[in-house]
Amino acid sequence: MSDLQNSPSTAGQVTDEAPVAATAAANAPSAAATTGRTLLPQSTLLRHLVLLLLGAVAAVVILEITDPFTNSQLATLSFYAIAAGGLTVLTGMNGQISLGHGALMAVGAYTTALLLQEPDGALPLPLILLISVVMATVVGALVGVAAARLHGPYLAGATLALAVGLPGLAIYFHDFLGGEQGLRVRAPRAPESFESFIGLVSGANATSTKWLAYVGAICLLITYFLLANLVRSRIGRTWRAIRDQDVAAELAGINLGAWRVLAFVVSAAAAGLAGSVLALVVRLAAPSGFTLVLSLSLLTAIVIGGLGSLLGALLGSALLVFLPPWVTDRGIDFGLNNTEAAQLAPFVYGVVLIVAMIFAPGGFVGTVRLRWMTQKAKRAAAARAAAGSSGG
Amino acid sequence: MTGINVAFGGVLALTDVSLTVEPGQVHGLIGPNGAGKTTLFNVACGLVRPTSGRIVWRDRELTRLRPSQLTSLGIARTLQGVGLFAGMTVLENVMVGAHRHAKAGFLSALLALPMSDKDEKRLRERAMQALTELGAESYAGRYPGSLPYPVQKRVALARALVAEPDLLLLDEPASGLSEDEMHELGELIRSVVGRMSVLLVEHHMDLVMRVCDRITVLDSGKQIAAGTPAEVQADPAVTEAYLGDAVDVEADAAELTHTDGGRHHG
């Protein structure tokens, strides 16, 4: 955690490693020095829209070729990935740590659950999702204002308090928020256009599970589109400047507090949407769904995937969702009984985390990017050497 | 700045120091270690709030100055050391320096509107221009950590210059530079003076004497002399407090050599 924040004593110190390994995944430059060969268009909007379209096609293909159980797993993946995407922007790009994102998800989930309580005449789904985002954003802004003054372990402590305390509110206001039992969420019915769309694409049954998986995928794609826009813009660059060297950033005219709050708010908005999708997919908003473990899982997901990278957040979330069932299945294959096999999953997850920390501290994406940059530097050096020898 | 006092607890870091940087001039701030040069600099940047005293910039008194307001006031500063952003390319580092020239807001960035792209392009051109001016354009795509120290210093300077300040504060720009590089730096400082004033904290006396129009000398938080380089050099108080030390060191060294030589002979 400590290397997320540069302490003043190391500020400005010369390091011989190129970027800081832990956040290497976050360092996709916002400005290309030289425009290399690329098939993608120059405009950020067009480029990201192309990626969005490709992502949408991939989502439809994946959801249609997999069975209903995998569909529901993918829906789970979508809300983890939305929250992890928001968290990776906060932690990887801006250097703030949050152990309280589970609580922000709870805000989104309870808002959605309450709005869907009305037996009939409930608001349209996009509006419900939007209101959940706004609620989480408001709570995130309040926390962010406090968080902007805190560093490293203190920030972790403050957000930890949020993670532990906020779900408790649901128990305190049990008449309104359902107490320990939580609120059951009435899953919204799929519109008819969805049924005809599925009929057109694959002719499969347009089940409610499938509809929710699509809702998750759509939310995921929109969130990542918007986050990617921010990351690649001046906003992302400013966040990274604050992360790397706050004094220098401040002297460049950056109001540290305001920008830190902005990062927290953006991150909270993503968490709110994730919570809202979670409520729809799980069909329940209960305190037991938003324990500290949820916040910690998100953190491990972004660390394994590569801090600061949206792709990393997606990969880390995929690992979080698909690794435990896979390990359990392998365990049963090896002749363990169900209980033993289920206990194997957290163990393997822990081992993966430790191995990743030792051998790939930049996470998956960070490690690949560092490798690639080393290769590029080597090639450049070789080219220079060749030019030198031919010249001489 | 007039009558600046700074006390850290019971320690008086600066006592009644006054300093005026005239437009288009290079003003040197010198003094032995611990004289309070950097403290005065930090006061000018809002990093340290003076216990008493006034800071006036363009006929306006700056009260409750915050570091992040500096660039919008037209003041840029380099840090002692380099203070570059390690996780960002050289070009991006300089683009952060151009922060105050950015126009596109959060919403256009969120939706990746063409306006945001256009703004980025403008900042990129500005940054490249600043790098080219300092002869560092070939490093634009590199990360600062992989560059030699003098190049990093140039990048840090480019980051300050790209804000196009009216007053440039340089905190020990020559530290870690070789004789030749220091010479280049001197010429560079003289070349920017047409566009801005410079306040310079520096240890290297020859650089200070060469580039500065006026010099203020601090010792133990007090101003002991001010004037043109020639006046300051002639001031006995300065010789005693500052240059006197150098003579002593030489004398000590001579003594050492002598005893050493003596031992050798013996």
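Of all lysines in the structure, the ones whose alpha carbon falls short of 23 Å from that of B:Lys103, not counting any fewer than 8 places away in one chain, are B:Lys118, B:Lys121. Remark: segment A:193-204, residue by residue, has Karplus-estimated 3J(HN,Hα) of 4, 5, 4, 5, 5, 5, x, 5, 6, 9, x, 7 Hz, where x stands for each Gly or Pro and the curve is 6.51 cos²θ - 1.76 cosθ + 1.60 at θ = phi - 60°.
Across peptide B:140-147, the mean count of Cβ atoms from other chains lying within 10 Å of each residue's own Cβ comes to 6. Computed from the C-beta positions of A:Thr207 and A:Ala56, the FRET efficiency with R₀ = 25 Å rounds to 0.80.
Using only Cα atoms and rounding to the nearest 10 degrees, what angle (0 to 90) does helix A:208-231 make with the longest principal axis of chain A? Tilt of helix A:208-231: around 30 degrees. Converting phi to 3J(HN,Hα) with the Karplus coefficients 6.51, -1.76 and 1.60 and the offset θ = phi - 60°, segment B:201-211 yields 9, 7, 8, 6, 4, 5, 5, 4, 5, 6, 9 Hz in sequence order, with x at every glycine or proline. Please report how far the C-alpha centroid of segment A:162-217 lies from that of segment B:45-84, rounded to the nearest whole angstrom. Their Cα centres are 53 Å away from one another.
For B:Lys222, the lysines whose Cα comes closer than 20 Å to its Cα, not counting residues fewer than 8 places off in the same chain, are B:Lys37.
Take the Cα of A:Ser193, step 7 Å toward its Cβ, do the same at B:Arg49, and the gap between the two points is 5.7 nm.
Every read-out reported here was derived from the displayed coordinates using simple, explicitly stated rules and does not represent laboratory data. Treat the numbers as computed from the prediction; the structure is a model and nothing was measured. Because the Cβ atoms are built from the backbone with ideal geometry, glycine has one as well, and the counts that use them run over all protein chains shown.
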